[in-house]
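Since the structure comes first, as C-alpha cells, the remarks are kept for the end.
The values are calculated or read from the model by the stated rules, or taken from the named source; none is laboratory data. Being a predicted model, the structure only gives us computed values, none of them experimental. Because the Cβ atoms are built from the backbone with ideal geometry, glycine has one as well, and the counts that use them run over all protein chains shown.
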Amino acid sequence: MNFFSGTKIGLHFGNDYLSFAVLKPRGRRFLVQACKVIPLPPDSIRHSPLESNILNQEEIKDHLKNLLKDAPKGQSISLSIPDLSSRMVFTEVKKSVPALHELNQMIKWNMEQKFLSNIGDSQISHQIVAQSKESFKNTDSFDRTKTKHFLILGTAVLKNILSEYEALPLSIQMIPKVINNCSFHLFNLYHDLIFNQEKAGNFLFLNLVDHYFTLMVFEQKILRYIRTVGLRNPIAGSEAEKKEIEEKNNLKIFKEIESSLQYHYKDFPLKSQIHLFINGPENLPGFSVQLTDQFKMKVHLLNPSLLMSLEWAPGLKVRETALLTPAIAAAAGALI
C-alpha cells in the first residue's frame, strides 16, 4: 500500500530548516503519519517581502527530492511560507465587494499608502473578515442609511518571491495547491480550540516562530489588527549576548501587546481578563508568566497535543514540535 495514498503533505519554510508533515483523514480526525525537521545551513531562506527568499535552491531541492522520493508524481502539497515574505493591509468597502480587478487595485493603493513604497508586481489575495451596518473605522459612528460595510484583509507577495517557493515542489513534480502565511495556517489549526476557550471572541493570537512574531487582535470574533515584526536571532555570540538579545526581543513583543491593548480595548486594563493564545517554542512558560504579571492576561500556550482532531501514528517519534507545527497546520489546512 502506498504510504502517501489519501494523504496531504505540508511543508514549512523556516529560515534555517524545513519541516514536513504527512496527514491522513480518519473521519473527523487527522492522523499524523510522518513528520520531520530538516536542518539547513544558516540563513538558507531569507524572510523578506522585497528580496529573493530562497538563497540555496539546489540544496533545498535535493533535500525535498530525498524526503519525497516515494510520493507519487503529481501529488499535491500545501506550503507554509514566512509571514515576513508578504505584506498585509485592511481595506473597507461599502455596499458590495467590487469586482476582483477593482478590489485588487484598492488593496494595492492602500498598501502603498501604508508602506510608502510601490509593492511592484505582486500576487494579491483577499478575504472578507467581517460585514456590518457600521463603519469599521469608527465604531462610535452609526450609518443611518443601513449601508453594508465590508472589512477585507488583503495580502500581497511579490510574484518572483512566490515563484521561488512554488518552484521547489514543482521541480520534483509535486503540485503546490495551498499556499498561505504560516500564521494563517496556525490560526486555522487552532481556530476551534481558541473559540471554545474564548466564546466572546475578544482575544490576542501571538505566533512566535523563525525570529519574528505576528500578533493578531480580535474583537467580538473579528480580526481587527495584524502585524508582523522581525526579531534578532539569539543563536550567535556569548551567553550574555544571547540573553541580552532575548530580553530585547521580549521587550519588542511586550510593547506591541501593550499598544494593541490600549488602542483596541480602550478601557484597558479591563475588569474581565483578555485571553492571549501563543504558538511558539517549548521554553515559553517563563515568558508567559511575565505576560500574565504585566498585563493580567489569561495566557494559553498552544500545542498540537491539545487538539482533539489530531492523533499520532503508533511509534512516531515527535521532536522539535514547535518547528513541526506549521507543517502540520499546512497539511491540515488542505484537508479541511
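So if I check each of Gly230, Gly333, which one is modelled with pLDDT of 90 or more, under 30 Å from Ile128 (Cα atoms) and touching a helix residue (DSSP H, G or I) at 6+ places or on another chain (Cβ under 7 Å)?
Result: Gly230 is the single residue among Gly230, Gly333 that is modelled with pLDDT of 90 or more, under 30 Å from Ile128 (Cα atoms) and touching a helix residue (DSSP H, G or I) at 6+ places or on another chain (Cβ under 7 Å).
What single numbered condition from (1) surrounded by 17 or more Cβ atoms within 10 Å (Cβ to Cβ); (2) outside any loop (DSSP other than H, G, I, E, B); (3) modelled with pLDDT under 95 fails to hold for Ile119?
Among (1) surrounded by 17 or more Cβ atoms within 10 Å (Cβ to Cβ); (2) outside any loop (DSSP other than H, G, I, E, B); (3) modelled with pLDDT under 95, Ile119 violates only (2).
Name the residue that is surrounded by the most Cβ atoms within 10 Å (Cβ to Cβ), counting only residues in the stretch 214-226 that are out of contact with any Lys or Arg (no Cβ under 8 Å at 6 or more places or on another chain) and under 21 Å from Ile253 (Cβ atoms). First the steps, then the outcome.
Looking only at the stretch 214-226, we keep the residues that are out of contact with any Lys or Arg (no Cβ under 8 Å at 6 or more places or on another chain), and these are 216, 219-226.
Those left that are additionally under 21 Å from Ile253 (Cβ atoms): 216, 219, 223-226.
Working: Met216: 20, Glu219: 17, Leu223: 18, Arg224: 18, Tyr225: 15, Ile226: 22.
Ranking the qualifying residues of the stretch 214-226, first place goes to Ile226.
Conditions: (1) farther than 21 Å from Gly333 by Cα; (2) at pLDDT 95 or above; (3) in a strand (DSSP E or B); (4) not hydrophobic (A, V, I, L, M, F, W, C). Glu164 meets all but one. Number of the miss?
Answer for Glu164: the failing condition is (3).
If you scan the stretch 19-70, which residues turn out to be within 27 Å of Leu307 (Cα to Cα) and not in a strand (DSSP E or B)?
Gly27, Arg28, Leu67, Leu68
Which of the residues belonging to the stretch 61-75 are touching a residue at least 60 places away in the same chain (Cβ under 8 Å) and surrounded by fewer than 15 Cβ atoms within 10 Å (Cβ to Cβ)? So that I can check it myself, show each step before the final result.
Initial filter on the stretch 61-75 (touching a residue at least 60 places away in the same chain (Cβ under 8 Å)): 61, 64-65, 68, 70-75.
If the condition is that a residue be touching a residue at least 60 places away in the same chain (Cβ under 8 Å) and surrounded by fewer than 15 Cβ atoms within 10 Å (Cβ to Cβ), then Lys65, Asp70, Pro72, Lys73, Gly74 are the ones that fit.
Restrict the check to the stretch 303-319 and report whether at least one residue is part of a strand (DSSP E or B) and either surrounded by 16 or more Cβ atoms within 10 Å (Cβ to Cβ) or basic (Lys, Arg) (or both). Spell out how you get there, then give the answer.
So the first thing to find is which residues in the stretch 303-319 are part of a strand (DSSP E or B), and the list is 310-312.
Imposing the further condition that a residue be either surrounded by 16 or more Cβ atoms within 10 Å (Cβ to Cβ) or basic (Lys, Arg) (or both) reduces the set to 310.
Within the stretch 303-319, one or more residues are part of a strand (DSSP E or B) and either surrounded by 16 or more Cβ atoms within 10 Å (Cβ to Cβ) or basic (Lys, Arg) (or both).
Out of the residues in the stretch 76-96 that are part of a loop (DSSP other than H, G, I, E, B) and either exposed (fewer than 15 other Cβ atoms within 10 Å of the Cβ) or touching a Lys or Arg at 6+ places or on another chain (Cβ under 8 Å) (or both), state the one that is modelled with the lowest pLDDT.
Per the criteria, the residue is Lys95.
Quick check: is even one residue across the stretch 55-78 within 23 Å of the chain's Cα centre (by Cα) and of a type in the set (Lys, Arg)?
no
Among residues belonging to the stretch 190-206 that are part of a helix (DSSP H, G or I) and free of Cβ contacts under 8 Å to residues at least 12 places away in the same chain, point out the one that is surrounded by the most Cβ atoms within 10 Å (Cβ to Cβ). Walk me through how you get there before you give the answer.
First, pick out the residues of the stretch 190-206 that are part of a helix (DSSP H, G or I): 190-197.
The next check asks that each one be free of Cβ contacts under 8 Å to residues at least 12 places away in the same chain; those that pass are 191, 196.
Values: His191: 12, Asn196: 9.
Among those that are part of a helix (DSSP H, G or I) and free of Cβ contacts under 8 Å to residues at least 12 places away in the same chain, it is His191.
Can you confirm whether the stretch 261-280 contains a residue that is of a type in the set (Gly, Ala, Ser), closer than 20 Å to Leu204 by Cβ and assigned by TED's automatic domain parsing to the domain that holds Met216? Steps first, please.
Of the stretch 261-280, the ones of a type in the set (Gly, Ala, Ser) are 272, 280.
From what is left, the residues that are closer than 20 Å to Leu204 by Cβ are 272, 280.
When the remaining residues are screened for being assigned by TED's automatic domain parsing to the domain that holds Met216, the result is 272, 280.
Taking every residue of the stretch 261-280 in turn, at least one turns out to be of a type in the set (Gly, Ala, Ser), closer than 20 Å to Leu204 by Cβ and assigned by TED's automatic domain parsing to the domain that holds Met216.
How about the stretch 218-262: which of its residues are under 30 Å from Gln273 (Cα atoms) and among the basic types (Lys, Arg)?
Residues satisfying the conditions are Lys221, Arg224, Arg227, Lys248, Lys252, Lys255.
For the stretch 167-189, name all the residues that are free of Cβ contacts under 8 Å to residues at least 40 places away in the same chain, over 18 Å from Leu306 (Cα atoms) and not aliphatic (A, V, I, L, M). Outline the logic, then answer.
Taking the stretch 167-189 as the starting set, the residues that turn out to be free of Cβ contacts under 8 Å to residues at least 40 places away in the same chain are 170, 184, 187.
Those left that are additionally over 18 Å from Leu306 (Cα atoms): 170, 184.
Phe184, the sole residue that qualifies.
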